[in-house]
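These notes are about the structure you will find just below.
None of the figures in this text is laboratory data; all of them are computed from the coordinates on show. What you see is a predicted model, and the numbers here were worked out from it, not measured in a lab. Cβ placement follows ideal geometry from the backbone for every residue including glycine, while neighbour counts extend to all protein chains displayed.
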Amino acid sequence: MFRFAAQNLLSRPVRSLLALLGLTVAITGMVGLFSIASGIDDTVSQTFGRIRGLAVMQPGAPIPLFSRLPASWADEIAQQKGVGVVRREVWVRAQLVDGKPTFSPPRFLFGTDIERTLALKEAVYRDDIRSGRFLNLEDRGTFHCVVSQSIADALQKKVGDPLRVDGHDLTIVGIYHCGSLLLDVAIVLDGAAARTIGNFEENLVTSIYFEPDGTVPNAKLIEQVQALFRGRKTDAWRTGGLAALTGGGSLDLMSVAAKLMQTAPANADQQSRAGATDTKTDDEHPPAALEETVEIRSAQDWGEKISELSGDLDIFLGLMTAIGVLIALLSILNTMLMSVAERMIEFGVLRANGWSSWDVLRLITWESALLGIMGGVLGCASGCLVVQVVNWTFPTKVHLFASPSLLLFSLVFSTLLGMSGGLYPAFWAVRMSPMEAIRRG
């Protein structure tokens with residue numbers, strides 16, 4: 001039956017080829033489009049699968065860049081049971097790198113506490129050095145930096161070369177490669193140097209990263225740290241509050257700190273604790289529920305947030321793919337209808353010579369299934385080729401990933417699509433008696 005079906009397709013090469021091309025293009029588009037979402041999932045896995053610690057940030061901040069917290073809170077976190085190494089972090093957007101705007105892809109200054117970074121059991125960037133070295137204690141207070149391989153390649157830099165960032169001269173001492181678009185955008189340097197370049201207030205950090213020591217479950221540890229700061233007043237520390245104090249102009253954090261000192265107690269933590277306990281307890285004004293002052297995110301939390309974006313993207317990609325699939329289905333349906341119409345006499349003769357309706361149905365289904373299988377194989381192959389070309393052409397901008405599960409789904413889907421395209425012509429053919437089929441032919 002298989003050989004007979006293949007011979008029938010080859011006997012009409014032009015029509016079969018057109019149907020095959022239509023299905024191939026549809027499957028290629030499906031692989032290419034859904035590899036965008038698969039690429040996001042793969043990037044998330046590569047990125048956050050390696051981060052074992054927890055990040056403390058301002059609630060609602062999408063990334064640490066938009067978060068502001070008092071730096072002194074890191075000392076309080078370090079005293080909690082179950083907390084290991086605690087590191088203060090400062091993330092600043094780099095506007096100009098070697099005189100070039102950093103819009104796409106963006107570049108960020110990652111100011112880190114070098115001593116605490118060296119003490120971490122696992123540390124991104126530190127563990128991914130490809131050439132040169134990571135920052136050491138002698139680099140504290142200097143403008144030595146570590147850049148990603150993609151940044152070094154784009155700027156044609158190597159270890160020992162100078163790097164000018166926002167009017168400051170840095171020296172590259174190491175080059176790292178994480179293999180993730182979300183990580184390979186940072187220029188790592190001492191926290192004090194990042195504060196100087198970004199005009200960042202000394203008493204603030206964007207985030208506080210800490211490693212659990214394993215003695216307390218992560219869920220309990222997160223609740224424990226959140227309870228430590230719950231209800232504290234941090235409006236004066238928020239980015240929006242800072243911008244308002246500067247009149248909506250450029251953000252001068254040093255002058256803002258001076259204004260805060262004129263209206264706030266010398267110890268911001270004392271003010272926050274006082275605000276947390278100063279609540280009315282009479283029946284007319286019951287105490288309000290204490291708000292969360294910090295948000296603690298694990299690698300799983302980051303992955304879930306990005307997966308939500310990927311899920312929404314899948315809906316859009318599915319709608320786009322459906323257009324190509326519909327065209328391919330109509331193409332196969334047209335091919336099989338014309339093929340069946342031209343072979344009515346043949347089917348009538350076969351029925352008259354002992355073929356059952358089931359045999360004719362299997363023959364037509366085999367023909368359409370062969371179109372589906374070949375279209376799926378060619379579509380998956382061309383889709384993988386397109387993915388590789390796009391990744392090679394734009395290595396720092398996009399990451400597409402045609403996963404084995406996506407390819408397998410595309411192949412099975414193409415086969416089922418081909419078979420469904422032949423069902424109506426097949427039922428149309430078997431409904432006729434042998435004499436009626438010969439007469440119509």
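Could you rank the peptides 224-231, 419-426, 315-322 by their average count of other C-beta atoms within 10 Å per residue, with the highest value first? Write out the running numbers ahead of the final one.
Values: 224-231: 17.0, 419-426: 20.4, 315-322: 14.0.
Peptide ranking by packing, descending: 419-426, 224-231, 315-322.
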Within region 109-157, trypsin sites (Lys or Arg not before Pro) in DSSP loop having at most 15 other beta-carbon neighbours inside 10 Å: Lys121, Arg133, Arg140
Kindly write out, for region 18-33 in residue order, the coupling ³J(HN,Hα) from the Karplus curve 6.51 cos²θ - 1.76 cosθ + 1.60 (θ = phi - 60°), rounded to whole Hz, with x marking Gly and Pro. 5, 5, 5, 5, x, 5, 4, 5, 5, 5, 4, x, 5, 5, x, 5
Filter the chymotrypsin sites (Phe, Trp or Tyr not before Pro) in region 347-405 down to the DSSP loop ones having no more than 10 other Cβ atoms within 10 Å, then list what survives. none
